[in-house]
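Read through the structure below, which is laid out as structure tokens, and then see the notes.
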Amino acid sequence: MSGKGARGEGLAASLGATGPTRVKLCGMSRPEDIETVNEARPDYVGFVVDFPRSHRSVASEELPALSTLVAPGIQRVGVFVDAPVENVARLFVRGAIDVAQLHGHEDEGYIARLRSACGVPIIQAFSVRAASDVACAEASSADLVLLDNGQGTGEAFDWSLVRGVRRPFLLAGGLTAANVAQAMASVHPWGVDMSSGIETDGVKDRQKILAAVRAVQAEGSKMGNSSASRGRFGIHGGQYIPETLMNAVLELEEAYDHYKNDPEFNAELTDLFNNYAGRPSRLYFATNMTADLGGAKVYLKREDLNHTGAHKINNVLGQALLAQKMGKTRLIAETGAGQHGVATATAAALMGMECVVYMGREDMERQALNVYRMRLLGAEVRGVDAGTATLKDAVSETFREWTQRIDDTHYCLGSVMGPHPFPTIVRDFQAVISRESRAQMLEVEGKLPDAVLACVGGGSNAIGSFYHYIHDEGVRLIGCEAAGRGIDTWETAATINTGRLGIFHGMKSYFCQDEYGQIAPVYSISAGLDYPGVGPEHAALHDSGRAEYVAITDDEAVDAFEYLSRTEGVIPAIESAHAVAYAMKLAPSMRPDQTMIVTLSGRGDKDVAAIARYRGEDLHE
Amino acid sequence: MSRIADAFAASPNGKAFIPFITAGDPTLAVTEKLVLAMADAGADLIELGIPFSDPTAEGPVIQDANLRALRNRVTTDDVFAMVERVRACSDVPLVIMTYANVVFSYGIERFAARQAELGMGGVILPDVPHEEKEEFDVPFSAAGLDVVSLIAPTSHERIRSIAADAKGFVYCVSSLGVTGVRSQITTDIGAMVSLVKDVRPDLPCAVGFGISTPEQAARMAAASDGAIVGSAIVKLIGELREGCVEPVATYVRDLAAAVHSAR
């Protein structure tokens, strides 16, 4: 295994350095615990060795079989209580542990004997109840000290005692996903150690483990972001792009900051929205669906009735108008299924601008009609053969084109993603959805909805649907991701449910990627949700718990596609059908006096042939 | 001084020739031979690319090299292991070129520690501009390594603030667009370099993007402190595969001689 060589080297070398707070998850005793650990990817994993008094104890002869399951890159710590030196050394030499943690009455003589027996890095644990305990910890010759409130009893201790510690230390005792960020901000530990706080009824709990590691990484990464960085949503966002484009995005931000408050600009945009795109879109009470599901009243926000058949036009009209004010004469855009490309070509035709759309070669074949539509509207469509020849490659290629030609060209990005200021600009133009729906709901129901549902790929219709409710705490905000064939398979595009924190396409956010940060190919029946990342504001809404993100499979989405067609006489886009699918699960569990809004982001005409094929009919456009 | 800045100082005329190759293309074994052969042929500093699935700053030649290397399942750890083998017989100055997510995913600090252990000079990250640099620079500096700053023809007034914080050398991007061979470089390189030198007279500047001939390399080195050649070498490797080592060495020898004779 290539990663093995990296083991054991890290502890001593990284003690002096600043950097993200390390996470140690302790007290693993079952193979399924290790599976979760490998998924959560802490820096260290701990095993309590030969200490039967603890329910987490692992016998030293059973340890090698367990520790070999640990993924490369995660260091394995043996936790010992007054164990014979030879036992500790044997486990290290056999490669069953990378680090030894001493938790009993081991003294300096013991540490010296252990050092002469083998080169294992040593952590020594100290209970901290008084200032004198801190002095002992400072004097220890161990490589690292762990400060705890006692023998792993799991109660949090008075953090003020450890603030004065001058050497790097691991903080332990009563840490949970809920309090770890506060502990980190309060005492700046080198690392945090969690055990009882990630258990339920004495057993390691997968959800608690994942939440705890995410909480540490989120807090740590907030501290790690550059102070000069702009456009952050929590820890997410930023501007990770080539220097060549920096002045272009700075110029865009400056222009947007000016025009967003310009009454003339806003009047022009409102005119385009109302008289060209057909806004405001209807808030339609789905009578049949409500009666059939037998729970909450279901309202559909009909973005599918907009000109060009989707919410995409809201953003495109805003950006095209802004680009025109900036003196740009040419729009470039990426497209997946072709919806954003068609919308951009439409706006370019209306405003007399040149338009070039980048589209993966694969997608061009799957969506030949949209390619023809764009050409009909006067746009040039350029096929992208790079990489997987799908949406992410089209985004990459559009960025490449923009570095080549900036002066007269605006990149009309299609979702709430990319470098700042795109996630903010696109969100503001899409926020018209919730601005309207909030007023419409108050008018018909006299109260706010109990839940708002929308599908999430990059997340532009969802953020537009959520935005004006974010401060209405009683309104549940639910994003529906594409699970593809299931979130436990590789064929998925459910970024928040399966991805990890990363940096790609200009932003820090969650991405589907492998352990080395290579962006993963993603899959969904819906080309519009088939993207390996998610907008940074959604990532932040997920971190804070303000919005929920659920995963809907292809099967569920296709069922919902057919259900809405039959029940309401409305054929939804397969993207929007993901939100309809979750509404079908949620509405029956709600009371009849409750309401929900489901955003129908687009109409489904474009998907009819593909759904027919999914159902086994040989139908082609 | 940093290992990277030392590499400029150690060259015969203070000007560095810097070849770029993608690690793992066509194989890591060939990459290892190429590094040693290019060092022998006069390269002052070698830019080693860790492949990334979506190299957004690259033209088609280097994009393809990245994908070829990833098809060989080359990982960050494999590249470091290869450097470890190189270190058994050469102390040629090395800098890693890759994308932010490769370093971020590995752990920024862990990446820096591994590079330091291998006596490498630092990283060039084309998708980390000045505003986002600190996140990487703090851990790399702590390990005694440089995060190299880039300036572009569109940078204008930004050059001064970028230069003020730059470490190792300034990578001067010669042209708009992505990496790849260009018949002509029209940017006024001298003007960009002099903006850097106004702020940091001792900081080396090397020019990359578009250079393929010894004449271009000599001209760019004359206007700055060095020349970087990537796509032209990677193209040769892509065409000749296992048989590329000797021809690349010959090509690098000509380019290095041109840079070392520049005034």
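With both labels modelled 7 Å from their Cα along Cα-to-Cβ, the B:SER161 to B:ARG263 distance reads 4.0 nm. Residues of segment B:101-120 losing 10 Å² or more of accessible area relative to the isolated chain, 1.4 Å probe, heavy atoms only? Buried on complex formation: B:ASN101, B:VAL102, B:PHE104, B:SER105, B:TYR106, B:GLU109, B:ARG110, B:ALA113, B:ARG114, B:GLU117. With all pairs of different C-alpha atoms in the average, the Kirkwood value for the hydrodynamic radius of the protein assembly as shown is 29.1 Å. Of the whole protein surface, B:SER231 contributes about 10 Å² of accessible area at a 1.4 Å probe radius.
With the simple spin-label model, which puts each label point 7 Å out from Cα in the Cβ direction, the A:LEU369 to B:ARG85 separation comes to 5.4 nm.
Carbon-plus-sulfur accessible fraction, segment B:3-260 (probe radius 1.4 Å, protein heavy atoms only): 53%.
The string of couplings for segment A:232-237 from the Karplus curve (6.51, -1.76, 1.60, θ = phi - 60°) is 9, 10, x, 8, 8, x Hz, one whole number per residue in order, with x for Gly and Pro. Computed from phi, the 3J(HN,Hα) profile of segment A:287-302 under the Karplus parametrisation 6.51, -1.76, 1.60 (θ = phi - 60°) reads 4, 5, 5, 4, 5, 5, 7, x, x, 4, 6, 9, 10, 10, 8, 8 Hz, with x in place of Gly and Pro. For segment B:3-260, what is the number of Lys pairs with C-alpha distance below 20 angstrom, counting only pairs 8 or more positions apart or on separate chains? So the count works out to 5.
Only lysines eight or more places from A:LYS260 in sequence, or on another chain, were considered; those with a Cα closer than 21 Å are A:LYS312, A:LYS325, A:LYS328. Calculated from DSSP H runs of 4 or more alone, at -39500 (n - 2.57) each and per residue, what is the 222 nm mean residue ellipticity of the protein assembly as shown, nearest 500? The helix-only estimate for the protein assembly as shown comes to -12500 deg cm²/dmol at 222 nm.
Buried surface between chains B and A: roughly 3900 Å² of accessible area, summed over both sides, computed with a 1.4 Å probe on protein heavy atoms only.
Sparsely packed loop sites in segment A:548-621 (the trypsin sites (Lys or Arg not before Pro) outside DSSP H, G, I, E and B with at most 11 other Cβ atoms within 10 Å) comprise A:ARG615. Counting only protein heavy atoms and using a 1.4 Å probe, what share of the accessible area of chain A belongs to carbon plus sulfur, as a whole percent? In chain A, the share of accessible area belonging to carbon and sulfur is 50 percent. Straight-distance candidates among the aspartates and glutamates for linking to A:LYS585, with alpha-carbon spacing under 16 Å and chain neighbours fewer than 8 residues away dropped: A:ASP292, A:ASP450, A:GLU481, A:GLU548, A:ASP554, A:ASP555, A:GLU556, A:ASP559, A:GLU562. Does a label point 7 Å from the Cα of A:ARG230, set along Cα-to-beta-carbon, have any residues of segment A:522-562 with amide nitrogen under 19 Å, and which are they? Once the point is set 7 Å along Cα→Cβ of A:ARG230, A:536-537 turn out to lie under 19 Å by backbone N, inside segment A:522-562. For A:HIS188 and A:GLU35, FRET efficiency with R0 = 22 Å and r from the beta-carbon atoms, rounded to 0.05? With R0 = 22 Å, the Cβ-Cβ based efficiency is 0.10.
In segment B:129-147, burial by the other protein chains removes 40 Å² or more of accessible area from B:PRO129, B:GLU131, B:GLU132, B:GLU134, B:GLU135, compared with the chain on its own (1.4 Å probe, ligands and nucleic acids ignored). Ligands, DNA and RNA are left out, and with a 1.4 angstrom probe the accessible area of the protein assembly as shown is 36 Å² per residue. Put simply, the amide H of A:VAL452, placed in the peptide plane, has neighbours under 5 Å in A:ARG476, A:LEU477, A:ILE478, A:ILE597, leaving out anything fewer than 5 places away on its chain.
Once Rh for segment A:514-602 is found with the Kirkwood sum over Cα pairs, what is the Stokes-Einstein diffusion coefficient at 10 °C and 1.306 mPa s, in µm²/s? Translational D for this selection: 107 µm²/s. For chain A, relative contact order (Cα pairs under 8 Å, six or more residues apart, normalised by length) works out to 11 percent.
Residues whose amide H comes within less than 5 Å of that of A:VAL128, counting only those at least five positions distant or on another chain, are A:ASP148, A:ASN149, A:GLY150 (H built at 1.01 Å from N in the peptide plane). Give the separation of the Cα centroids, segment A:555-583 to segment A:283-352, in Å. Result: 18 Å between the Cα centres.
If the segment from A:HIS620 to A:VAL93 were pulled out straight at 0.36 nm per residue, it would be longer than the present Cα-Cα gap by 183.3 nm. For B:PHE169, nonlocal amide neighbours, meaning residues 5 or more places apart or on other chains whose placed amide H falls under 5 Å from its own, are B:SER149.
Within straight-line reach of A:LYS208, meaning a Cα separation under 22 Å, sit the following lysines at least 8 residues removed in sequence or on another chain: A:LYS24, A:LYS222.
Here A:GLU62 sits with roughly 120 square angstrom of accessible surface, probe radius 1.4 Å. Sorting A:VAL81, B:VAL234 on solvent-accessible area from highest to lowest, probe radius 1.4 Å, gives A:VAL81, B:VAL234.
The values are calculated or read from the model by the stated rules, or taken from the named source; none is laboratory data. Predicted, not measured: the structure shown is a model, and the values here were computed from it. Neighbour counts run over all protein chains shown; Cβ positions are idealised from the backbone, glycine included. Side chains included, ligands, DNA and RNA excluded: accessible areas come from the protein's heavy atoms. Shrake-Rupley method; radii C 1.70, N 1.55, O 1.52, S 1.80 Å.
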